[in-house]
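Q: After the structure tokens below, expect a handful of questions from me.
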Amino acid sequence: MNDEAWMRHAIRLAQRAEDEGEVPIGALLVKENKLISEGWNMPISCCDPTAHAEIIAIRKAGQVLDNYRLIGTTLYVTLEPCVMCMGAISHSRIQRLVFSAYDPKRGAVCHALNLSNADFLNHTINWKGGVLERETSTLLSNFFQAKRLLKSSKKLIN
């Protein structure tokens, strides 16, 4: 499978997060073109602020591979990772990161911060952004628009 095919799988995971009332972000880890693990945002349902899609997928991959170092893997995620997730990506030695939508406000790969090749980290991450960006940007925009509409309709009722 190619980057677009894996990203379509990550988008389905993001839709699962949305179905559960979570911000629609999905992630999966692949090694040698085989799916190792997957995850979707779960901070609300798990009452865990660290339960981002990337962290869930990384934790599962470590168990599957029986190693905290995920050498030779590619992480696919529907949104540019945040600072916390980039730290986990670096520490787990993920070789390659592919994400869909850029996050200019909080993205830690190439926007708010550039942690993909920071001098103080001992691991450089090869990355590619913008894969199926339109689809994931629309998914995220629609989700937040619906949240805003729900919030404003509740204000009108009260």
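Q: Test of the criteria: in region 84-155, which trypsin sites (Lys or Arg not before Pro) are in a DSSP loop and have at most 14 other Cβ atoms within 10 angstrom of their Cβ? Walk me through the numbers on the way to the answer.
A: Numbers: sites: R93, R96, K105, R106, K128, R134, K147, R148, K151, K154, K155; in loops: R93, K105, R106.
When the trypsin sites (Lys or Arg not before Pro) of region 84-155 are filtered for loop state and at most 14 Cβ neighbours within 10 Å, K105, R106 remain.
Q: Could you work out the relative contact order of region 1-127, using alpha carbon pairs under 8 angstrom and six or more residues apart, expressed as a whole percent?
A: Numbers: 274 pairs, mean separation 24.1, N = 127.
Computed value for region 1-127: 19 percent relative contact order.
Q: How many times 2.2 N^0.38 Å is the alpha carbon radius of gyration of region 1-137?
A: On the way: Rg = 13.4 Å, N = 137, 2.2 N^0.38 = 14.3 Å.
Scaled against compact globular proteins, the figure is 0.94.
Q: Determine the sum of side-chain charges near I125: Lys and Arg each +1, Asp and Glu each -1, restricted to other residues whose C-beta is under 10 angstrom from that of I125. Walk me through the numbers before you get to the answer.
A: On the way: positive: R93, R96; negative: none.
That sum, taken over residues with Cβ under 10 Å, equals +2.
Q: Round to a whole angstrom and tell me the spacing of the C-alpha centers of region 1-38 and region 94-133.
A: 17 Å
Q: So how do 66-73, 22-29, 50-57, 4-11 stack up, highest first, on mean other-Cβ count within 10 Å? It would help to have the intermediate numbers written out before the result.
A: On the way: 66-73: 14.5, 22-29: 26.0, 50-57: 24.1, 4-11: 18.2.
Descending mean neighbour count gives 22-29, 50-57, 4-11, 66-73.
Q: Within 10 Å, Cβ to Cβ, of A88, how many net charges do the neighbouring residues add up to if Lys/Arg are +1 and Asp/Glu are -1? Show your work: numbers first, answer last.
A: On the way: positive: R59; negative: E54.
Cβ neighbours under 10 Å give a net charge of 0.
Q: With 20 Å as the limit, write out which pairs from K34/K60; K31/K60; K105/K128; K60/K128 have Cα-Cα distances beyond it, or answer none. Display every interim value, and only then the final one.
A: Values: K34/K60 14 Å; K31/K60 13 Å; K105/K128 18 Å; K60/K128 23 Å.
Exceeds cut-off: K60/K128.
Q: Straight-line reach from K147: which lysines fall under 17 Å, measuring Cα to Cα and dropping same-chain residues less than 8 apart?
A: Of all the lysines, those that pass the test against K147 - Cα under 17 Å, at least 8 places apart if same chain - are K155.
Q: With n ≥ 4 as the cut-off for DSSP H runs, can you work out [θ] at 222 nm for the chain, using -39500 (n - 2.57) per run divided by the number of residues, rounded to the nearest 500?
A: On the way: 5 runs with 68 residues, N = 158.
The helix contribution divided over the chain gives -14000 deg cm²/dmol.
Computed from the coordinates by the stated procedures, all read-outs in this text should not be read as laboratory data. This structure is a prediction, so every number in the text was calculated from the model and none was measured. Don't worry about glycine lacking a Cβ; one is built from the backbone with ideal geometry, like all the others, and counts go over all protein chains shown.
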